[in-house]
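Enquirer: Dumping the structure here so I can ask a few things about it.
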Amino acid sequence: MTGRHPARRTVSAVICVYTEKRWTDILAAVDSVRAQSHPALETLLVVDHHPALLERLGTEYKETPGVRVLANAGPRGLSAGRNTGIAASHGEIIAFLDDDAMAERDWLRHLTAGYADPRVLAVGGRTEPIWASGRRPAWFPEEFDWVVGCTYRGLPRGTARVRNVLGGNASFRRTAFEAAGGFATGIGRDGDKRPLGCEETELCIRLTRARPDAVLLIDDRAVIHHRVPAGRERFAYFRARTYAEGLSKALVARSVGAAKGLESERAYTTRVLPAGVARGLRDLVLARPGGAGRAGAIVAGVATAAGGYLLGRLRARGSGAPFSAVEIGGRPHGAAGAARAGEAGAAA
């Protein structure tokens, strides 16, 4: 009707935290959620097995309406923390924000806009880096911004359908977890250990198997700004993260099959990365700074990721199920849960 606005979709914002070293960043992340033009129903801070941080945050937000501080109820790691937030939340939509990121004022408004289509079960946004040094390192290729948790060159612009959203700036309809379960707890980040990832990729593939009609989107108007510490601007971290990504992709391929697990990566490595190398070499010829470094970093990144993937596949042979089974909304997830979800989707 004229003069009336459609009902707002309720959103629970989940921020998983694990270290007091990010205290200032955590407060900034919460403030950015509380300042949204589309207000969150609640903000859930999930603390990953850190009693001192749990107590400190509990004291900080004791009198703050709409902010709850929870302990990770599962094993250590980002996936279990997210699952804790999902289980404790009440919103129709559950949005995830990294603990070292700040959302722009219209972040939730743009994320929730995509859910006007009932087929949409997940919407992600755009993540921009805030470099500790004040600028992008000359050698660091935009094609590898995923290394520091940011949107990378090669993703579609505007609003587009994707295989998976990126976990640090993502939202899901609650029914997505009822259909496919939660995040796999044997994959992804675990505090300061090896920088694994891909937990959201594995979940999204399971989701589309359980619900073949599901639509997953990115909307690059839903922007957050993600801090990149000095240690992650170094080539040593770049190499470690790309190697860990290969290991993670091996786990995903084992869970959901290489065809879907590497579907997007094939296009990325055959089209996006060669174009990046060509740009770097062109810049070298034109005497522009960093051209050779960017071309070399792309080649090195591909090589280390491939090495991690091959080693991960070798390790997977003969080993047990890589993921722990957890239920959210009555559905198990993990290797066995993925198979059952696939069967359910096929039977639907």
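Enquirer: Can you give the extra length, in nm with one decimal, that the chain gains between Ala278 and Ala306 once fully stretched, where that is 0.36 nm per residue apart less the Cα-Cα distance?
Expert: Additional length available on full extension: 8.0 nm.
Enquirer: Can you check what the net charge comes to around Thr159, using other residues whose Cβ is under 12 Å from the Cβ of Thr159 (Lys, Arg +1; Asp, Glu -1)?
Expert: Net of charged neighbours comes to +1.
Enquirer: Shifting gears a bit: What nm distance separates the two modelled labels at Glu20 and Leu286, each placed 7 Å from Cα along Cα→Cβ?
Expert: Placing both labels 7 Å beyond Cα along the Cβ direction yields 5.0 nm.
Enquirer: Near the amide H of Ala73, under 5 Å away, which other amide H atoms are found, from residues 5 or more places off or on another chain, if H is placed in the peptide plane?
Expert: Answer set, sorted by chain and number: Thr84.
Enquirer: Then there is this: For the ranges 45-52, 8-15, what's the packing order if you count other beta-carbon atoms within 10 Å of each residue, average per peptide, and put the highest first?
Expert: Going from most to least packed, we get 8-15, 45-52.
Enquirer: Determine the distance separating the Cα centre of the stretch 108-159 from the Cα centre of the stretch 10-26; give it in Å without decimals.
Expert: 19 Å
Enquirer: If you don't mind, another one. Taking the mean number of other Cβ atoms within 10 Å as a proxy for protection, how do you rank 167-180, 266-279 from highest to lowest?
Expert: Sorting 167-180, 266-279 by mean packing, highest first, produces 167-180, 266-279.
Enquirer: If R₀ is 35 angstrom, what is the calculated FRET efficiency for the pair Arg266 and Phe235, using the beta carbon separation as r and rounding to 0.05?
Expert: Calculated transfer efficiency: 0.85.
Enquirer: Which distance in nm do the two modelled labels at Arg153 and Arg221 give, with both placed 7 Å along the Cα-to-Cβ direction?
Expert: 2.7 nm
Enquirer: Something else about it: So what J values fall out for the stretch 295-301 if you push phi through Karplus, 6.51 cos²θ - 1.76 cosθ + 1.60 with θ = phi - 60°, rounded to Hz, Gly and Pro as x?
Expert: In residue order, the calculated couplings are 4, x, 5, 5, 4, 5, x Hz.
Enquirer: OK, next. Kirkwood hydrodynamic radius for the stretch 11-338: how many Å is it when counted over pairs of different Cα atoms?
Expert: Result for the stretch 11-338 stands at 20.0 Å.
No value in this document is a laboratory result; all are computed from the given coordinates. Please read all numbers here as calculations on a predicted model, not as lab measurements. Because the Cβ atoms are built from the backbone with ideal geometry, glycine has one as well, and the counts that use them run over all protein chains shown.
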